Amino acid sequence: MIGNEARPVEGSAWSLPTQRTSHQDSLPSTMADMEHRSQLEPSVGLDLPAILAQTLKPLTPLLQKVTYVRHGRRSHDPSDILVPAGYAAELVVTGLNTPVACCFDDARQCYVVEGGHKVGVAPRVLRVDVESGAQEVVLTWPDELWTKTGSVTGVAWRDGFLYLTNTDAVYRLRPGDELELIVEGLPGRGDHQVNQPLFGPDGKLYFAVGSATNSGVVGPDNAAYEWLPVFPDVHDVPGRDVVLAGRNFESHDVLGGQAEVVRTGAYITYRTPTVTGQVIAGSAKSNALLRCNPDGSELEVVAWGLRNPYGIGFDGAGRLFVTEHGMDDRNRHVIADYDDFYEIVEGAWYGFPDFASGIRLDDARWGEGGQRREPVLAEHPDPDPPKPFVTFPPHAAANGFAFSTDERFGFEGDAFVALFGDLAPVTTARLLKPVGYKVVRVDMRERRVVDFAVNRIEGPASKLPHGGFERPSDCEFGPDGALYVVDWGEIDVAPEAGGVRMQAGSGSLWRIRRVAGEPGVEPPASTQFPFYALQLGAWLLGAVAAAVAVVLGVRRLLNRRRGATP
């Protein structure tokens, strides 16, 4: 469905709203009033991935030979996860490799998907007994279908099939049979992949394809994320025809000789300039929110202009919501962009790549000077795109979520969102303390974000003295009425692996149950720890110590030579 107007699907007994509701006409108070004490004030951009790509390019042949897989089981202590009164956290299973999502079948069995992203272990589908913790491998991803720079990202159950999203394609699997490819050729081989699948009230399969780039233009930062040298033809694809402003961005050529300066436009391959008035054709196979029939037929665009719509959920009234990851401080240097929670309007354009959270990129909110942030589109499909329903702090990484529909658990109608946590310093060098690493509740009536399950000390378990969450990736309510939280596991900074590397065996599945007692609304407050500020201080002290050691070593050597001279 690619057209000029937002409209319902003809012949459908159910459709999304085609007009904005009144609450979308202004910024939510959660955005306007949000305090970013964990983030330095916006200033001039610093593109760390691009710097990394340029610096390490001469070493690339050596780095590509590095084969390093970390294995380990981190400590777990459910009491280190703080929840409201009347709830309790439990550990279901651990030892998983980058688990990204889970779902339940009609027989109440739980399936967990391991993504395979930068962990050196092939993606798998596991059947997990949530009472005993026993695991059974349902599928190990075939090597020929495993895109090493991408990831298997999600799973849904419907009528005897598991539906799986994998980098640039959608498959379905009847347990015991072979994978069946139902949608292929999606533009998911860039920064973001085909994200979590979900069936809607209309019986259609919904999923999203995140943007190939950070902000619409392929650049050296994408080489740092490893995919550009492997897939040099990848770029963003719009859900509808767009007209370009002819704005091009210069960079040193990371695919050829670095001394050469190349120019690249929006929605085009690296090293390809664009001209004013150039039209880029839209496609159903685009970086957008999509849907199709269960067999993959009748693929169509639901909404577009979303940077990385990750989690998808329908509330009890049939309204469709998505979480969206905000831009990083790279390429076009949007500083401190929010993560968002959008209500989806049929056919709407949400602003990417010239808006973030409904605000134009050349607005002063995103940093000083408007450097590289002038519009790349000559005509905006909507000069005032829809605003988020609520927002999350920059770099919190709002991932999978689920609506509570069971009175046994409580908070009926509210959304529970997994905040994966920041990837500092790779995605930002400005954080003073960790952001995310918890589960929050979106109060749908008050339109506000409330902590629900938080670590005793704010931040990931592997870096701090607690045994709680490492990186929550997905939330799913089970048939027992409990909330299941998929915990991705440990991530380490690794320049030889495109910035980060995952630790095998460090992922987990948690469960949060309703227990006896009067239910509370919020958990006790976490202890805040300026982890990144102290980490930076330690790095600086280490650098100074190394420099002093070199100077002293050179001085000693010179003194010895002088002493040996007749």
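The values are calculated or read from the model by the stated rules, or taken from the named source; none is laboratory data. A quick note: this is a predicted structure, and the numbers were derived from the prediction, not measured. Note that we place each Cβ from the backbone using ideal geometry, even for glycine, and neighbour counts take in every protein chain shown.
Values as computed for the structure displayed
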read-out	value
Residue identified as farther than 20 Å from C475 by Cβ, in contact (Cβ under 8 Å) with a residue 24 or more places away in the chain and of a type in the set (K, R) among K387, K438	K387
Looking only at segment 324-369, and only at residues there that are of a type in the set (V, I, T) and touching a Pro at 6+ places or on another chain (Cβ under 7 Å), the one that is nearest to E379 (Cα to Cα)	V345
Test result for G296, assigned by TED's automatic domain parsing to the domain that holds D354 and out of contact with any Leu (no Cβ under 7 Å at 6 or more places or on another chain)	no
Some residue of segment 127-149 being closer than 17 Å to L164 by Cβ and in contact with an Asp or Glu (Cβ under 6 Å, 6 or more places away or on another chain)	yes
Residue within segment 253-263 that is surrounded by fewer than 19 Cβ atoms within 10 Å (Cβ to Cβ), modelled with pLDDT under 95, in contact with a strand residue (DSSP E or B) (Cβ under 6 Å, 6 or more places away or on another chain) and not hydrophobic (A, V, I, L, M, F, W, C) present	yes
Some residue of segment 327-341 being closer than 26 Å to G481 by Cα and not small (G, A, S)	yes
Tabulated pairs, segment 506-534, first on the phi > 0 side of the Ramachandran plot, second crowded, with 22+ Cβ neighbours inside 10 Å and assigned to a helix (DSSP H, G or I), C-beta under 8 angstrom, 6+ apart or interchain	none
Lone unmet requirement of (1) assigned to a loop (DSSP other than H, G, I, E, B); (2) surrounded by fewer than 23 Cβ atoms within 10 Å (Cβ to Cβ) for A461	(2)
Filter result for the condition that a residue is in contact with a Ser or Thr (Cβ under 8 Å, 6 or more places away or on another chain), surrounded by fewer than 18 Cβ atoms within 10 Å (Cβ to Cβ) and in a loop (DSSP other than H, G, I, E, B), over G316, G277	G316
Residue list for segment 218-246, restricted to those being in contact (Cβ under 8 Å) with a residue 40 or more places away in the chain, under 22 Å from Q278 (Cβ atoms) and of a type outside the set (A, V, I, L, M, F, W, C)	G219, N222, H235, D236, P238, G239, R240, D241, G246
Residue tally, condition in contact with a Lys or Arg (Cβ under 8 Å, 6 or more places away or on another chain) and of a type in the set (D, E), over segment 203-227	1
Residue match in segment 219-238 (condition: at pLDDT 95 or above and among the charged types (D, E, K, R))	yes
Per-region count, segment 330-365, residues in contact (Cβ under 8 Å) with a residue 40 or more places away in the chain, among the basic types (K, R) and more than 14 Å from T391 (Cβ to Cβ)	2
In segment 160-176, residue farthest from P479 (Cα to Cα) [restricted to those that are touching a strand residue (DSSP E or B) at 6+ places or on another chain (Cβ under 9 Å) and part of a loop (DSSP other than H, G, I, E, B)]	D168
Residues being touching an Asp or Glu at 6+ places or on another chain (Cβ under 6 Å) and of a type in the set (K, R) - total across segment 167-206	2
Segment 485-507, subset surrounded by 24 or more Cβ atoms within 10 Å (Cβ to Cβ) and in a strand (DSSP E or B), residue modelled with the lowest pLDDT	M502
3 or more residues of a type outside the set (S, T, Y) and touching a helix residue (DSSP H, G or I) at 6+ places or on another chain (Cβ under 6 Å): qualifying strands (runs of 3 or more DSSP E) within segment 85-143	87-96
Test: residue in segment 278-296 that is of a type in the set (G, A, S) and free of Cβ contacts under 8 Å to residues at least 12 places away in the same chain	no
Breaking point among (1) in a helix (DSSP H, G or I); (2) small (G, A, S); (3) at pLDDT 85 or above, for G517	(1)
Tally, over segment 197-224, of residues that are surrounded by 22 or more Cβ atoms within 10 Å (Cβ to Cβ) and in a loop (DSSP other than H, G, I, E, B)	10
Filter result for D143 (in the same structural domain as G95 (by TED's automatic domain parsing) and either closer than 30 Å to A266 by Cβ or without any contact (Cβ under 8 Å) to a residue 40 or more places away in the chain (or both))	yes
Search result, residues across segment 347-364 that are surrounded by 15 or more Cβ atoms within 10 Å (Cβ to Cβ) and at negative phi	A348, W349, Y350, F352, P353, D354, F355, A356, I359, R360, L361, D362
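The rows are residues; the columns are (1) charged (D, E, K, R); (2) in contact with a Phe, Trp or Tyr (Cβ under 9 Å, 6 or more places away or on another chain); (3) not assigned by TED's automatic domain parsing to the domain that holds P309.
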| position | (1), (2), (3) |
| --- | --- |
| I182 | no, yes, yes |
| P187 | no, no, yes |
| D191 | yes, yes, yes |
| V194 | no, yes, yes |
| F199 | no, yes, yes |
| L205 | no, yes, yes |
| G219 | no, yes, no |
| N222 | no, yes, no |
| Y225 | no, no, no |
